[in-house]
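I have placed the structure first, in the form of structure tokens, so that the comments after it can refer back to it.
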């Protein structure tokens, strides 16, 4: 099922750019010209994330944030432009979760999606072909190639690899792995089970294909040159 978020911004080109990023992660973005319209949409679709342009033409930023937060736990991220820093403190006091810069930056929006929509990267990879180092994972085909050769892989190892590749270059915690790989099926596993699957995955891929390291007391990080994500044609 496609998840939904809400963006409150009247700037058409800026909205289109953000919508494309959310769409690439499999997230439907409802776009509203002002906070009053957004409150209706938020009540209708119960979004996982709200991004609110600080200079809203209808409602003061802090007021809009407060209304959203009083009606649930939906994270609210406020987009703040030059000369609008005075709006930041009231927004946080009202319950804002974070601030991003305006005009929007691709990297910052991507980081916001990863932070507040933890399943988004996994859903993104389910639709995509991801290449990290010498490993290529084809999400829709459930297929892995190492150095160009197809490799058979048990389902849990495939799902662990998919999650790690979706977060390539970043440390993911054991709790994040547990939730993404085992939690979706209602299973509960401990540290030893995660470590066992990571060791098997590391041995299967080989050290020359990609690097998978354990950060003791924190989690795991998969790294490799030239991480590339390709969405299949629709």
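All of the numbers you see were taken from the coordinates with simple rules; none came from a lab. Quantities reported herein were computed from a predicted structural model and do not represent experimental measurements. With ideal geometry, Cβ positions are generated from the backbone for all residues, glycine too; neighbour counts draw on all protein chains shown.
Give the shape of segment 3-117 as rounded, prolate or oblate, defined through the alpha-carbon gyration tensor: a ≥ b ≥ c are the square roots of its eigenvalues, a/c under 1.5 means rounded, and otherwise the shape is prolate if a/b is larger than b/c and oblate if not. It comes out rounded by the Cα gyration axes.
Between the helical axis of 35-45 and the longest alpha-carbon principal axis of the chain there is an angle of about 40 degrees. Shown is the FRET efficiency for residue 98 and residue 20, computed with R0 = 22 Å from the Cβ-Cβ distance and rounded to the nearest 0.05: 0.55. For segment 123-230, averaging the sequence separation of C-alpha pairs within contact (under 8 Å, six or more residues apart) and dividing by the residue count gives a relative contact order of 36 percent. If you wrap segment 123-230 in the convex hull of its Cα atoms and look at it from every side, the mean projected area works out to 6.1 nm². Between the helical axis of 106-116 and the longest alpha-carbon principal axis of the chain there is an angle of about 80 degrees. In degrees between 0 and 90, to the nearest 10, how far off the longest principal axis of the chain does helix 155-166 point, with axes built from Cα atoms? Computed tilt is about 50 degrees. Among 11, 56, 138, the largest mean-square fluctuation in a Gaussian network model of the chain (Cα springs under 10 Å) belongs to 11. Mean residue ellipticity at 222 nm, helices only, the chain: -11500 deg cm²/dmol; runs of at least 4 DSSP H residues each add -39,500 (n - 2.57), and the sum is divided by the number of residues. Taking every Cα-Cα distance in the chain and sorting them into 10 Å bins starting at zero, the pair-distance distribution P(r) comes out as 7, 30, 28, 21, 11, 2 percent.
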